[in-house]
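Below: one structure, written as structure tokens.
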Amino acid sequence: MTYRLGVDVGGTFTDLLLVDEASGETWSAKVPSTPADQSIGVLEGLERVCANAGISPTQIDHVMHGTTVATNTVLTGTGAKCGLVTTRGYRQVLQIARSYVPGGLGGWVIYNKSLPMAPLSCTIEAHERISAQGEVVEELNEAKLREDLRSLRSKNIEALTVSLINAFANDAHEQRVAQIAHEELPGIPVSLSSQVVPEMQEYERTVTTVANSYVRPKVAKYVRNLTAKLAERTKSVKLHILRSDGGLASAASSEEFPVNLLMSGPAGGVTGALWIASQAGFPNLLTLDVGGTSTDVALIQNGEPRLRRETTVGDVTVRASSVDIRTVGAGGGSIAHVPELTKALRVGPQSAGADPGPAAYNRGGQEPTVTDANVVLGYLPEMQRLGGDMVLDRKLAAKAVQKVADALGLSLQQAALGIYNIVNENMTGALRLVSVEQGYDPRDYALIAFGGAGPLHANALSRLLGSWPAIIPPGPGVLCALGDSTTAVRDERSRTFVRTFKSITANEVAQILRDLATDASQGLKQEGVPDADMRTSYQVEVRYRGQGLRLSVDVDLEDLERRGLIAISEKFDAEHKRLFTFTLELDHELVTLRAAVRGKTIEIERRAVNGGGEDPKGAEVGTQAVYMDGEDLTAIVYDRTKLEAGNVIPGPAIVMEMDSTTVILPAHRGVVDAHGNILIYPDSHPVL
């Protein structure tokens with residue numbers, strides 16, 4: 001028997017899901033994260049989940065891991081000291097950037113936050129030039145390059161980026177610069193823009209490749225360290241890292257191109273939500289992943305998550321495919337405070353994190369957090385054991401929240417409810433970013449909530465947005481790990497191809513897309529994925545001629561070859577109208593062609609729960625005093641493992657399980673479906 005392990009590392013907890021590849025049976029575990037070295041928490045969780053399943057770690061042959069190492073490296077500014085090689089005259093490409101003007105401050109204000117990733121002092125210019133058509137205009141001056149590279153050696157750079165003008169059209173000079181750099185700077189990893197993102201637009205290509213260099217040493221060290229430690233405990237485990245776009249990358253690819261991992265952690269939750277939704281019968285979803293530090297949200301349309309070509313982490317935006325996830329600093333560990341100047345309650349983005357954590361954890365935390373507010377409100381009963389064994393202390397939570405109550409002149413419960421309501425508004429704002437502000441009505445979507453704290457807030461958020469039902473999947477606290485373990489290896493290739501529709505044919509475009517797909521499939525073949533298991537999707541970036549904006553649209557090759565380029569222009573016009581309410585009577589122009597190849601996802605058998613009647617009395621374990629909507633109420637507490645399909649749980653109610661707690665508000669009900677999902681509706685709303 002062989003097993004695969006999904007691992008998701010969050011700011012507070014590390015979640016693991018073990019899958020029996022033969023039967024589809026699963027086991028989960030939740031352990032505190034270890035920010036100083038994430039691999040420690042991963043290995044502790046590995047031992048625990050194997051003990052839960054009664055197996056030896058040597059029986060695990062595949063580990064799929066969502067990690068925040070690359071993300072945290074950028075956010076904390078602790079990456080490598082990078083050198084940069086540009087074409088002569090482009091030394092300040094990062095500093096000039098796009099001359100972003102913030103807000104309405106006027107055109108005379110140039111926002112130019114200095115990027116620490118590749119300072120000017122570590123930037124050199126190569127005497128060379130390639131034309132936009134890929135022709136050599138000026139040969140590379142190798143002697144001068146060697147001299148300048150030796151000057152970088154004395155500056156103790158830890159990684160090198162090479163980004164030459166028009167290298168996307170001809171990478172010969174970049175390849176030669178890399179060869180010389182390996183000779184002059186032995187042991188220094190070199191990232192080439194023609195390999196990381198071979199597309200036009202000099203700044204975006206450069207900043208993306210510099211970001212790759214910036215996180216590369218730390219990610220490579222982590223991946224190698226984890227691989228070695230896993231090898232000590234397992235036989236011949238294969239490690240894959242989740243990419244920002246929801247696919248898997250090999251350990252080797254993750255080391256070389258870590259810029260594709262910047263949203264690795266959050267992408268797992270969306271992948272897991274897709275798997276749950278496919279079985280629950282809800283193809284249109286808003287996903288809500290609430291952890292200890294932040295909340296990640298995304299939109300799924302017709303069973304497919306929306307992707308975007310840009311990934312933003314902190315102040316850095318790079319060109320790398322990612323699931324369109326928006327993040328706000330609102331989680332269980334978010335700290336509530338009342339500024340002296342405004343006397344207005346604020347929640348987050350500061351977080352108590354895993355250490356010391358919320359006051360209720362009794363680990364030394366003293367600041368009031370969202371978790372403490374939930375404990376005070378009764379939504380997290382003291383009988384609940386987070387992760388199965390962490391005891392909550394209501395007295396410590398109350399002591400912390402009392403600081404807010406005193407500052408606002410409110411009762412303890414009113415202050416706690418204020419914290420709860422404000423963090424809900426923060427989360428609602430993020431959900432509006434992926435729905436309303438993208439032209440989608442949230443009332444047309446169900447809301448699926450997961451993460452350790454998501455089910456605590458799901459009912460309230462669905463009420464604010466009108467998104468019904470609120471879906472609480474089984475094991476919501478480990479859903480990201482489920483996503484990691486059910487996704488597939490993915491790779492993509494792209495090519496800049498600027499042509500008006502009048503100057504090309506549909507067959508020409510289709511052939512280039514097929515060639516890109518062939519190149520992308522090579523990486524999957526190296527991972528042992530057979531051709532029969534590969535699925536290919538195509539995208540093109542289009543704009544109106546003369547327009548700076550580009551929009552990505554999906555391409556069906558058969559439709560393209562049958563109907564011609566109108567198959568692309570119709571989709572582009574529809575997307576343009578959805579986003580901006582109008583279209584233009586101008587020629588269309590292709591900018592970038594892209595092919596993505598994905599392997600076969602693992603099939604996990606989703607076992608149906610036992611059927612029962614509407615009465616959930618058999619799952620009752622007690623009652624809990626709660627404060628909801630400004631009233632003192634008594635909620636019935638249920639053990640989720642004892643709920644049966646068909647049970648209808650009237651609010652107010654609290655449903656406990658090992659990794660999360662679900663709150664059902666008054667005048668609402670939770671319906672348990674055949675797969676054990678809890679579907680929360682208002683009493684006046686029909687069950688869908």
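Only one entry in Tyr544, Tyr538 is of a type in the set (Phe, Trp, Tyr), touching a strand residue (DSSP E or B) at 6+ places or on another chain (Cβ under 7 Å) and within 20 Å of Ser494 (Cβ to Cβ), namely Tyr538. Please determine whether any residue of the range 207-215 is surrounded by fewer than 22 Cβ atoms within 10 Å (Cβ to Cβ) and in contact (Cβ under 8 Å) with a residue 60 or more places away in the chain. No, the range 207-215 contains no residue that is surrounded by fewer than 22 Cβ atoms within 10 Å (Cβ to Cβ) and in contact (Cβ under 8 Å) with a residue 60 or more places away in the chain. Determine the pairs where a residue that is without any contact (Cβ under 8 Å) to a residue 40 or more places away in the chain and over 18 Å from Gly66 (Cβ atoms), located within the range 220-247, has a partner that is of a type in the set (Val, Ile, Thr) and assigned to a loop (DSSP other than H, G, I, E, B) with Cβ atoms under 7 Å apart, the partner being 6 or more residues away or on another chain. Short answer, once both residue conditions are applied: Ala231/Val237. Being closer than 30 Å to Ala252 by Cα, of a type in the set (Ser, Thr, Tyr), in contact with a strand residue (DSSP E or B) (Cβ under 6 Å, 6 or more places away or on another chain) and modelled with pLDDT of 90 or more holds for only one residue in Ser485, Ser521, Ser494, Ser569, and it is Ser521.
Scanning the range 531-556 for residues that are surrounded by fewer than 17 Cβ atoms within 10 Å (Cβ to Cβ) and among the hydrophobic types (A, V, I, L, M, F, W, C) yields a total of 2. Scanning the range 347-366 for residues that are surrounded by 18 or more Cβ atoms within 10 Å (Cβ to Cβ) and either in a helix (DSSP H, G or I) or in contact with a strand residue (DSSP E or B) (Cβ under 7 Å, 6 or more places away or on another chain) (or both) yields a count of 9. From Leu307, Leu288, grab the single residue that is modelled with pLDDT of 90 or more, farther than 26 Å from Leu226 by Cβ and within 12 Å of the chain's Cα centre (by Cα). On inspection, the qualifying residue turns out to be Leu288.
Here Ile448 passes the criteria (1) over 21 Å from Pro32 (Cβ atoms); (2) open to solvent by less than 30 Å² (accessible area, probe 1.4 Å); (3) outside any strand (DSSP E or B) except the one numbered (3). Criterion applied to Val621, Val626, Val672 was being within 17 Å of Ile471 (Cα to Cα) and open to solvent by less than 70 Å² (accessible area, probe 1.4 Å), and the one residue passing it is Val672. Taken together, the residues in the range 29-41 that are open to solvent by 40 Å² or more (accessible area, probe 1.4 Å) and small (Gly, Ala, Ser) amount to 1.
Name every residue in the range 317-346 that is more than 30 Å from Leu307 (Cβ to Cβ) and either open to solvent by less than 10 Å² (accessible area, probe 1.4 Å) or in a loop (DSSP other than H, G, I, E, B) (or both), in order of residue number. Working first, answer last.
In the first step, residues of the range 317-346 are kept if they are more than 30 Å from Leu307 (Cβ to Cβ); the result is 335-346.
If the condition is that a residue be more than 30 Å from Leu307 (Cβ to Cβ) and either open to solvent by less than 10 Å² (accessible area, probe 1.4 Å) or in a loop (DSSP other than H, G, I, E, B) (or both), then Ala336, Val338, Pro339, Glu340, Leu341, Thr342, Lys343, Ala344, Leu345 are the ones that fit.
For the range 462-480, a residue qualifies if it is closer than 29 Å to His65 by Cβ and either part of a helix (DSSP H, G or I) or without any contact (Cβ under 8 Å) to a residue 40 or more places away in the chain (or both), and the qualifying residues are Pro476, Gly477, Val478, Leu479, Cys480.
The selection criterion, being free of Cβ contacts under 8 Å to residues at least 24 places away in the same chain and open to solvent by less than 40 Å² (accessible area, probe 1.4 Å), does not hold for Val404. Among the residues of the range 256-267, those that are at pLDDT 85 or above and either open to solvent by less than 20 Å² (accessible area, probe 1.4 Å) or more than 14 Å from the chain's Cα centre (by Cα) (or both) comprise Glu256, Phe257, Pro258, Val259, Leu261, Leu262, Met263, Ser264, Ala267.
Report the residue count in the range 46-79 for those that are of a type in the set (A, V, I, L, M), in contact (Cβ under 8 Å) with a residue 40 or more places away in the chain and open to solvent by 10 Å² or more (accessible area, probe 1.4 Å). Please lay out each step first, then the result.
First, pick out the residues of the range 46-79 that are of a type in the set (A, V, I, L, M): 46, 49, 51, 53, 55, 60, 63-64, 69-70, 74-75.
Applying the additional criterion that residues be in contact (Cβ under 8 Å) with a residue 40 or more places away in the chain yields 46, 49, 53, 55, 60, 63-64, 69-70, 74-75.
After this cut, where a residue has to be open to solvent by 10 Å² or more (accessible area, probe 1.4 Å) as well, the list is 53, 55, 69, 74-75.
Number satisfying all stated conditions: 5.
Right, Leu242: open to solvent by less than 10 Å² (accessible area, probe 1.4 Å) and touching a Phe, Trp or Tyr at 6+ places or on another chain (Cβ under 7 Å) or not? Taking the combined requirement at face value, the residue does not satisfy it.
When the range 557-584 is examined, which residues are found to be in contact (Cβ under 8 Å) with a residue 12 or more places away in the chain, surrounded by fewer than 15 Cβ atoms within 10 Å (Cβ to Cβ) and in a loop (DSSP other than H, G, I, E, B)? Within the range 557-584, just Leu584 meets the criteria. Within the range 391-441, if we keep just the residues that are touching a Leu at 6+ places or on another chain (Cβ under 7 Å) and in a loop (DSSP other than H, G, I, E, B), the residue that is nearest to Val370 (Cα to Cα) turns out to be Leu392.
The values are calculated or read from the model by the stated rules, or taken from the named source; none is laboratory data. Every value quoted in this text rests on a predicted model; they were computed, and no experiment measured them. Virtual Cβ from ideal backbone geometry, glycine too; neighbours counted across all protein chains shown. All accessible areas refer to the heavy atoms of the entire protein, side chains included, with ligands and DNA or RNA removed. Shrake-Rupley method; radii C 1.70, N 1.55, O 1.52, S 1.80 Å.
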